[in-house]
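Asker: Before I ask anything, here is the structure I am working with.
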Amino acid sequence: MLAPIEVARLEEARAAAMLSASARESRAWAAGTMGFSGKGSWQNQVMGAGLGIPVDASLLTEMIDFYTSRGVEPRIELCPFVDESLLHGLSTQLFTIRELENVLFFDLEADIPELPLGWPPGVEVELVDRNDASAVEELVETSLSGFFAPGDPIPEALREVSRRVIAMHRTRGFIAKLEGRAVGGGLLDLGEGAANLAGTSVLPETRRRGIQQALMVARLRAARDHGCRVATIDSKPGIPTERNAVRLGFAMAYTKFVVAKAGEGLEPSA
């Protein structure tokens, strides 16, 4: 089985490449990527930076200026294996912790598991044709709806990012249908050696039927067929996504710290 630092090297490189390919603006930074996709976007952050490379004060200034000039808080995802110079520099610049995120991994040299309670009755998981506009919109609507309370509008900026990600050749979109009705969806990002299961959501009224696990298994199979060595999932600690992943054989690799620097007039990013 891969050691956590080996997972980190594959996963952080994948995340940086994905952000570079999908953000409206991106720049290489400290072996990672600085991304920006408009105020409020989750892509307004640094990903995959600081592994095996010292980060001096001038690099930090460059990153801070990149975000503050666009009116948003500087924000970075920190892998625990980053060079200590980055941690020291962020502390000096008064970055504070905003979120914790666990990175779980599945070794794709192992057998893909069967669902613990069997395949959910009446459910089919389909690969979405990125050239079919109506199918893409169905996936965007379904996969994002689960992250909002019923009736709450989905921000158009978030829809736009999802469409752009789905359109990439490195991405696969999967939709789960219950007796023909779209009830869940998720994305698969395929990097060099690592695949990431992202954006997974199931509509509230159809949860607790094994649909999220079915979406996970379908994407694990696709990642292995693509030739990836490992599959990862990013999850807030203790939520159903993490529990479902562990039941399928995912293991803990490491915890990322998401840190940001507040400033007058700067908008936080989701």
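Asker: Name the longest site-free stretch of the chain, where the excluded sites are chymotrypsin sites (Phe, Trp or Tyr not before Pro) in a DSSP loop with no more than 15 other beta-carbon atoms within 10 Å. Show your work: numbers first, answer last.
Answerer: On the way: sites that count: W42, F81, F147, F148.
Formally, the longest exposed-site-free interval is 149-270.
Asker: A further question follows. Leaving out ligands, DNA and RNA but keeping every protein chain, what accessible area does R27 have, in Å² rounded to the nearest 10, with a 1.4 Å probe?
Answerer: 110
Asker: Using a probe radius of 1.4 Å on heavy atoms only, what accessible surface per residue do you get for the chain? Whole Å² is fine. Write out the running numbers ahead of the final one.
Answerer: Working: 12220 Å² over 270 residues.
The answer is 45 Å² per residue.
Asker: Sticking with this one: When the dipole is taken about the Cα centre of segment 49-135, and only Lys, Arg (+1) and Asp, Glu (-1) are charged at their Cβ, what size is it in debye, to the nearest 20? Numbers along the way, then the final one.
Answerer: On the way: 4 positive and 17 negative charges, 103 e Å.
Magnitude of the dipole: close to 500 debye.
Asker: Follow-up question, since we're still on this one. Would you mind pulling out the separation of the Cα centroids of segment 157-199 and segment 215-247, in Å?
Answerer: That distance is 13 Å.
Asker: Take the Cα atoms of the chain, build their convex hull, and give its volume per residue in Å³. If you can, show how the numbers build up before the last one.
Answerer: Values: hull volume 32.8 nm³, N = 270.
Residue-normalised Cα hull volume stands at 122 Å³.
Asker: Give the total of Lys-Lys pairs in the chain with Cα-Cα distances below 24 Å; include a pair only if its members are 8 or more places apart or on different chains.
Answerer: Numbers: K39/K236; K39/K256; K39/K261; K236/K256; K236/K261.
Final tally of qualifying lysine pairs is 5.
Asker: Which distance in Å, rounded to a whole number, links the C-alpha centroids of segment 101-117 and segment 26-63?
Answerer: One Cα centre to the other: 30 Å.
Asker: Can you give me the distance in nm between label points at S134 and E156, each placed 7 Å from the Cα along the Cα-to-Cβ direction?
Answerer: 2.3
Asker: Using a 1.4 Å probe, how large is the accessible area of S20, given in Å² and rounded to the nearest 10?
Answerer: Approximately 60 Å² for this residue.
Asker: Give me the percent of accessible area attributable to carbon and sulfur for segment 1-129, probe 1.4 angstrom. Let's see the in-between values first.
Answerer: Values: 3180 of 5870 Å².
Ligands and nucleic acids excluded, carbon and sulfur reach 54 percent.
Asker: Still on this model: Bins of 5 Å, beginning at zero and ending with the bin holding the largest distance: percent of Cα pairs per bin for segment 2-118, please.
Answerer: Calculated over all Cα pairs of segment 2-118, the distribution is 2, 11, 20, 22, 19, 11, 6, 5, 3, 2, 0 percent.
Asker: Relative to 2.2 N^0.38 Å, what does the C-alpha radius of gyration of segment 171-270 come to as a ratio? Two decimals please. Present the calculation step by step, with values, prior to reporting the outcome.
Answerer: Details: Rg = 15.6 Å, N = 100, 2.2 N^0.38 = 12.7 Å.
Here the answer is 1.24, to two decimals.
Asker: Set the Förster radius R0 to 41 Å, insert the Cβ-Cβ distance between L100 and H169 as r into 1/(1 + (r/R0)^6), and round the FRET efficiency to 0.05.
Answerer: For R0 = 41 Å, the calculated efficiency reads 0.80.
Asker: Can you compute the FRET efficiency between E141 and H88 using 1/(1 + (r/R0)^6), with r the Cβ-Cβ distance and R0 = 51 Å? Round to the nearest 0.05. Spell out each step's value before the answer.
Answerer: Values: r = 44 Å, r/R0 = 0.87.
Between E141 and H88 the formula returns 0.70.
Asker: Provide the percentage of antiparallel DSSP beta bridges, counting only those with both residues in segment 132-270; round to the nearest 5. Show your work: numbers first, answer last.
Answerer: Details: 14 of 18 bridges.
The antiparallel proportion sits near 80 percent.
Asker: Rounded if a/c is under 1.5, else prolate if a/b beats b/c, else oblate: with a ≥ b ≥ c from the C-alpha gyration tensor eigenvalues square-rooted, which is segment 105-180? If you can, show how the numbers build up before the last one.
Answerer: Working: a/c = 1.82, a/b = 1.42, b/c = 1.28.
Prolate, since a/c reaches 1.5 and a/b exceeds b/c.
Asker: Same structure, new question: Percent of Cα-Cα pairs per 5 Å bin, from 0 to the last occupied bin, for segment 51-118, please list those.
Answerer: 3, 13, 18, 19, 13, 8, 6, 6, 7, 5, 1
Asker: I'd like the FRET efficiency for L127 and I64, computed as 1/(1 + (r/R0)^6) with the beta carbon distance as r and R0 of 35 Å, rounded to 0.05. The partial results should precede the final answer.
Answerer: Working: r = 41 Å, r/R0 = 1.17.
Using R0 = 35 Å, I get an efficiency of 0.30.
Asker: Return the loop-located GluC sites (Glu not before Pro) in segment 1-110 (DSSP other than H, G, I, E, B) with at most 13 other Cβ atoms within 10 Å of their own Cβ; answer none if there are none.
Answerer: E109
Asker: Oh, and also: With the dipole of the chain worked out from charges on the C-beta (+1 for Lys and Arg, -1 for Asp and Glu) around the Cα centre, which of G227, P113, Q45 lies farthest toward the positive end?
Answerer: P113
The values are calculated or read from the model by the stated rules, or taken from the named source; none is laboratory data. This structure is a prediction, so every number in the text was calculated from the model and none was measured. All Cβ positions, even for glycine, are placed from backbone atoms using ideal geometry, and neighbour counts span all protein chains on display. Please note that ligands, DNA and RNA were not included when accessible areas were found on the heavy atoms of the full protein model with its side chains. Shrake-Rupley method; radii C 1.70, N 1.55, O 1.52, S 1.80 Å.
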